[in-house]
Amino acid sequence: MKIILKEDIKNLGQKDDVVAVKNGYGRNFLIPTGKASLATESALKILAENIKQSKYKQEKIKMLATETAAKLDGTTINIITKAGSNGKIFGSVTTIQIAQALKDKGFDVDRRKIVVDDIKFLGEYTTVINLHREISVNVTLNVALEA
């Protein structure tokens with residue numbers, strides 16, 4: 001029996017794959033639980049159209065990420081914070097602060113896409129921003145003392 005997977009299933013396939021499974025596995029488990037649907041002619045045509053539209057959207061998202069990465073490359077972000085006399089920050093620099101600093105510079109980046117180590121001292125750091133699955137950019141972070 002041929003089925004279309006609606007989600008990733010380990011050892012079987014990825015979402016939108018058309019796979020052949022035994023009748024009992026498809027009829028008694030995959031289809032009733034909503035993990036797959038029967039691969040009829042009309043379902044295959046709908047799947048082909050959905051894949052085509054999805055590919056177009058992904059290319060557009062990747063193009064926008066590439067443009068943003070080109071603009072962000074080499075950017076330095078200043079974070080002003082309070083610190084003790086030994087240079088240790090009260091608290092730490094978070095992705096929310098970095099996202100806000102990027103927003104102030106004109107870049108709208110989701111904070112969940114920012115990868116940063118624990119920043120507990122004043123100084124310069126490098127942070128990675130994952131704009132797309134295949135595109136990431138390094139940004140310099142300058143943590144300075146509040147005047």
Reachable lysines from Lys60, criterion Cα separation under 19 angstrom, eight or more residues apart if same chain: Lys52, Lys71, Lys113
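If I stretch the segment between Phe29 and Asn130 completely, what's the gain in nm (0.36 nm per residue apart, minus their alpha carbon distance), one decimal? Working shown, then result.
Values: separation 101, 0.36 × 101 = 36.36 nm, distance 3.69 nm.
That pair, Phe29 and Asn130, stretches by 32.7 nm at full extension.
Normalising by the residue count of the chain, find the relative contact order in percent from Cα pairs under 8 Å and 6+ residues apart.
Values: 212 pairs, mean separation 29.0, N = 147.
RCO, the chain: 20 percent.
What length, rounded to one decimal in nm, is gained on full extension from Asn50 through to Phe121, with 0.36 nm per residue of separation minus their alpha-carbon distance? The partial results should precede the final answer.
Numbers: separation 71, 0.36 × 71 = 25.56 nm, distance 4.91 nm.
So the extension gain works out to 20.6 nm.
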Per-pair calculated FRET efficiency, R0 = 30 Å: Glu59 and Asn142 via Cβ, rounded to 0.05: 0.30
With P(r) over Cα pairs in 5 Å bins from 0, in percent as the read-out, I listed (i) 2, 9, 15, 15, 13, 12, 11, 10, 7, 4, 2, 1, 0; (ii) 2, 9, 19, 21, 19, 15, 9, 5, 2, 0, 0; (iii) 2, 9, 14, 13, 10, 8, 8, 8, 8, 8, 6, 4, 2, 1, 0; which label goes with the value calculated from this structure? (iii)
Can you tell me which lysines have their Cα less than 18 Å from the Cα of Lys45? Leave out same-chain residues fewer than eight positions away. Lys2, Lys6, Lys15, Lys55
Asserting the computed 222 nm helical MRE of the chain (DSSP H runs at least 4 long, -39500 (n - 2.57) per run, divided by residue count, to nearest 500) equals -10000 deg cm²/dmol
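Looking only at the chain, where both bridge partners belong to it, what percent of the DSSP beta bridges are antiparallel (to the nearest 5)?
Values: 19 of 25 bridges.
Antiparallel: roughly 75 percent of the beta bridges in the chain.
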Nearest 10, in degrees from 0 to 90: the angle of helix 41-72 to the longest Cα principal axis of the chain is 10 degrees
Using +1 at the Cβ of each Lys and Arg and -1 at the Cβ of each Asp and Glu in region 69-145, identify which of Ala144, Gly106, Thr81 lies farthest towards the dipole's positive end. Thr81
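Taking all pairs of distinct Cα atoms, average 1/r, flip it, and tell me the Kirkwood hydrodynamic radius of region 69-145 in Å to one decimal place. Display every interim value, and only then the final one.
Working: mean 1/r = 0.0788 Å⁻¹.
Over region 69-145, the inverse of the mean reciprocal pair distance is 12.7 Å.
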Could you work out which residue, out of Phe90, Phe107, Phe29, moves most in a Gaussian network model of the chain, that is, has the largest mean-square fluctuation with Cα springs under 10 Å? Phe29
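Just so you know, all these numbers are worked out from the coordinates, no wet-lab data involved. The shown structure was predicted, so the numbers you read here are calculated from the model rather than taken from an experiment. Counting neighbours? That spans all protein chains shown, and the Cβs are built from the backbone with ideal geometry, glycine included.
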